[in-house]
Amino acid sequence: MSFWTSHLSTELISIRLPQSTNIDARSIGAIGIYPDGVHRSLRGTLTGTTYTSNDVNVATVDASGVVNAVAPGRTFVTIQSGTANGFVEVRVKDPNSPILPIAEQTTSVTINAGGFRIDPETGEVVQRLLIQNTSPFPLSGPLVLLVTDLPQNVLVSNAPTTKTILPAGTPYVDVEVPLDSAGRRHWFMLPGLTTTATLVFCNPQDIPITYTPRLYTAERP
């Protein structure tokens with residue numbers, strides 16, 4: 001008689017999560033993915049999984065992963081199981097006002113501006129910016145970069161202007177949320193990721209270009 005044994009690893013390598021949830025009250029269905037290919041539910045306190053809300057003024061989460069809405073806005077729930085973690089974006093919307101509040105994200109990022117160059121075809125001034133999420137939490141999208149404190153007679157020619165973010169009429173550019181390390185697209189920008197934005201200035205008087213960049217989460221800036 002012989003016995004066949006299987007040595008299965010119990011080390012969790014990743015957590016598969018829903019990307020976002022619009023809630024009144026909802027349980028997060030986290031799935032643990034193990035090196036042997038096993039997929040196992042991480043729901044419930046007996047699994048050792050913990051859940052933390054980034055902003056309890058928007059939504060709370062209990063020890064079992066049940067999320068409850070508090071007020072309109074966006075937040076993230078961090079799911080931790082062993083050394084693996086993941087994030088679920090939670091959006092709480094008021095049915096009478098479906099557009100979520102605007103949120104400034106400037107303090108959560110570093111913005112490094114490259115040098116100015118002249119486009120030989122148009123004569124306009126072009127600058128590329130690197131934007132990195134340096135916070136421990138994701139940044140909700142859509143993301144927009146506002147260009148404030150520009151000198152008079154200098155325009156951002158590749159940018160529309162704001163209506164809901166003050167001061168109204170401020171130029172902005174959309175900021176693309178980068179892919180994660182596995183090549184997946186999210187609604188939000190994960191911690192540590194970097195993206196780019198390009199500004200094109202019309203500066204016929206050759207005025208020194210100075211400005212203050214500000215990053216926002218806004219659906220309709």
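FYI, it's all coordinate maths here, none of it is from the lab. Everything numeric here is computed off the predicted structure, so don't read it as measured data. For neighbour counting, all protein chains shown are included, and Cβ atoms are generated from backbone atoms with ideal geometry for every residue, glycine included.
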For residue 155 and residue 180, extending 7 Å from Cα along the Cα-Cβ vector and measuring point to point gives, in nm, a value of 4.2
Highest mean packing first, using Cβ neighbours within 10 angstrom, the peptides 91-102, 170-181 sort as 170-181, 91-102
Options (1) 1.11; (2) 1.08; (3) 0.98 are given for Rg/Rh (Cα atoms, Kirkwood Rh), and the computed one is (1)
Label model pair residue 126, residue 206: point-to-point distance (7 angstrom along the Cα→beta-carbon line) in nm is 2.1
